[in-house]
Structure formats: structure tokens, C-alpha cells
1. Name the residue, out of 155, 139, that is open to solvent by 40 Å² or more (accessible area, probe 1.4 Å), of a type in the set (Val, Ile, Thr) and over 18 Å from residue 83 (Cβ atoms).
2. Scan region 57-112 residue by residue and report those that are open to solvent by less than 10 Å² (accessible area, probe 1.4 Å) and of a type in the set (Asp, Glu).
3. Mind listing whichever residues of region 129-174 are among the aliphatic types (A, V, I, L, M) and not in a loop (DSSP other than H, G, I, E, B)?
4. Which residue pairs have Cβ atoms under 6 Å apart, sit 6 or more places apart or on different chains, and have a first residue in region 126-150 that is acidic (Asp, Glu) and a second that is in a loop (DSSP other than H, G, I, E, B)?
5. Can you find, within region 252-287, the residue that is most open to solvent (accessible area, probe 1.4 Å) among those that are within 27 Å of residue 190 (Cβ to Cβ) and among the aromatic types (Phe, Trp, Tyr)?
6. Select from region 136-173 the residues that are more than 10 Å from the ligand (Cβ to nearest atom) and polar (S, T, N, Q) and list them in ascending order.
7. Which residue is nearest to the ligand (Cβ to nearest atom), if the candidates are limited to region 24-56 and must be farther than 26 Å from residue 284 by Cα, open to solvent by 30 Å² or more (accessible area, probe 1.4 Å) and of a type in the set (Ser, Thr, Tyr)?
8. Just checking, how many residues over region 188-210 are farther than 24 Å from residue 260 by Cα and touching a Ser or Thr at 6+ places or on another chain (Cβ under 7 Å)?
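The values are calculated or read from the model by the stated rules, or taken from the named source; none is laboratory data. Because the structure is predicted, anything quoted here is derived from the model rather than measured. Every residue, glycine as well, gets a Cβ built from its backbone with ideal geometry; the counts of neighbours run over all protein chains shown. Heavy atoms of the whole protein, side chains included, go into the accessibility calculation; ligands, DNA and RNA do not. Shrake-Rupley method; radii C 1.70, N 1.55, O 1.52, S 1.80 Å.
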Amino acid sequence: MFANSHTLAGTSVNLNAARFFNLSNTTRIREVAKIELSDRSYLPKVDDPRSDWVASVAVPAFEVLAQAGVEAPNFCSIGTGAGLDALAAIEILNARNVFVTDLHDDVVTLAHENIVNNVANGRKVTVAAGVGDLLSPIIGKNLDLDLLYKNLPNIPMSENENLYDGQTSSTFIKQRGEQIPDFIRRYLDELHYVALRQAFPLLKSGGRALSSIGGRIPLDVIVQIGRNLGYRSQILTFTWKIQSEPAEVIGGYAQWEKQGFGPFRFYSAEVLAETFSAVADVASGAQVRQIELSLFSHEMSATSALAAMSAGVSVGHTVAILESLKP
Ligand SMILES: C[S@@+](CC[C@H](N)C(=O)[O-])C[C@H]1O[C@@H](n2cnc3c(N)ncnc32)[C@H](O)[C@@H]1O
């Protein structure tokens, strides 16, 4: 399905977008997209769409909205990585004015090129990109956003790590100085909270933010992140993923658990596959409480998940898309 070639600048991937996004065809973006990646671009899981965030989490959520008649002419992704989330929004939600941000200039330059170069011939899409923390590149602008998408990391990094090294910023965050409610800090969801707070004035009335949040924390906490900020928030879709970068991520959560944070929730991939098989892997918001309940007796803390992983168990976690509507 994919051809990879290494260039001096980094990696170039030819990706069959229709197959990767599980669509019958594409009309607004090129069917075979050429994606350029730098060492710091979050790497799409090109050979395994089921474990890719855009293919397995963003696309099903965008489709649920599209089936409800939602379009997102003015679209923004915070922390876009390679820019595939924006390409999915162009195809599925008819995004026409697209804005993307990320922390690194090389990542943002390539994301911008990846989006512009893969819009289908004859389609008019304007793309702007900014480098910086969360929404800082667009704060104060009058963008009237219909939809903002974000899939941000959660784990505060230790002092010897550097956010600007390789893929670090895809998993770790630096400690935030902003005022953040204790229940958000306890579950390490600072970055999502701050981003949602910044997004509020940038969204049009009736616009929405979609937050892709690893459900390693209670669903009630996830919903409260948005409600606490004045949004009408609910879980739009609920799915699961095998934990990517497992040693780093589960190990990172286990460290924070030792300091009284969490506890966090992991499951064996086998249990997740079986539980979600009844709902074709992506559950609608209405089914999530029942699924959370069925998974309850199988929960592993990060510390137990680390031990299970060492014993050869494949470990995963749930993923919720939090939909936050601006009244
Ligand atoms: C898990 S990756 C997701 C990439 C892409 N959106 C996707 O869903 O595949 C997280 C992205 O957020 C970016 N990021 C992390 N912290 C950020 C911040 N404070 N401001 C903007 N982007 C950030 C990372 O550099 C990385 O590209």
C-alpha cells in the first residue's frame, strides 16, 4: 500500500489516502498523497492504520460529524505533526480555510507543504501555518473557526529531556505555569485544558473543538475539561489503541503515579479488542458508559501495565473524542 523513500531532508512517504483513511475514494485530496517528514514530525503509522491516531481516531470522528451534516470550512489543527489531520478534514469535512500549528519550524514547514501539495487539482483550499505553543500563533485573530482539532501529549517530562529533540514533543510536555484546576492536574490533562481555554474566543458561536484524549483517565474527568470552561461537552466517539511507544508512555505514567497522580487506566489489547468488537471498534457517545463499565474489572494501573508489558502482554488504552460546542 505504501512506498517509503529516504531523502536528505528526512523521509518521504507515498500514502494511499483513501485506503489509509478507510474511504472508498477521495475527491478533495489526492488519492495517493506524498508526505514529507522531518525527524521531529510525528510519524504516521503508515503500515498499520489501526494504530494511527488520524486514521483510527480523527477520521471516524470527522465521519460522524459529516454524517450529521456538519462541515468545517474554517478548520484548525493544533499540533498537526505531518498535516494528515488537516488533509482528513479537507476530504471529510470540506475544510477550505485551514490553519495548522506545531512547536517546530521544520515540522510546520513540511506540514504546510504536505497539505498544499495534496489538495486535489481544481480544489481551492487556503492553508496557513504557524510555529509556536498551542494557539499562540493565532491568538487575537478573527478566524471564526468552525472546528478545531487537537491530539496533544500529556506527560510532563523530566528535567533531563528536551522538548525540541526528535519525537519528544509528541509524548511529553513541559510543566505549565498557568492556573489549572486540581482535578485536571491530577490526571495530567493540562495541555488539553489550556488549549481549550485559548480556543474559546477563536471559535464561532456553534463551532466546536474536538479533543482526542487517551482515555487513561475517567470519562467524567474528560467531559469536565470542557464543561469547566463553559463549553457544552460530550464524548463524541470512543475507541481503543495499542499503546504506541509503550515503554516511554506507560513508564512515564507509572512515574507520575508514584507521586500520587492518577491512577491511570490501561488494559490488555486482547480485552479491548473483545470489548469493542461488539461495536465495530468505534463506539458512539451513547455506548461509552456501558463500555467503561464492562472494562472496569480489567483495569490495570500504569505500574501494573508496565509489569504486564514486561511479561509480554500487549497493552492498550481507550481513546475518547471530546466534542466541546461553543454555545
Ligand atoms: C501525538 S502527536 C499528534 C500529531 C497529529 N495531530 C496526529 O494526530 O497524528 C502531538 C503533536 O503535538 C505537537 N505538540 C506538542 N506540544 C505542543 C504545544 N505545546 N503546542 C503545539 N503543538 C504541540 C507535537 O509536536 C506533535 O506534533
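1. Of the residues listed, the single one that is open to solvent by 40 Å² or more (accessible area, probe 1.4 Å), of a type in the set (Val, Ile, Thr) and over 18 Å from residue 83 (Cβ atoms) is 139.
2. 85
3. 129, 131, 145, 147, 148, 155, 173
4. Cβ pairs passing all conditions: 146/72; 146/73.
5. Across region 252-287, the extreme among qualifying residues is 261.
6. Here is the first cut: in region 136-173, the ones more than 10 Å from the ligand (Cβ to nearest atom) are 138-148, 155-162, 165-166.
Scanning region 136-173 gives 142, 158, 160, 162.
7. Residue satisfying both the conditions and the ranking: 42.
8. In the first step, residues of region 188-210 are kept if they are farther than 24 Å from residue 260 by Cα; the result is 195-210.
Remaining after also requiring touching a Ser or Thr at 6+ places or on another chain (Cβ under 7 Å): 196, 208-209.
Residues in region 188-210 being farther than 24 Å from residue 260 by Cα and touching a Ser or Thr at 6+ places or on another chain (Cβ under 7 Å): 3 in total.
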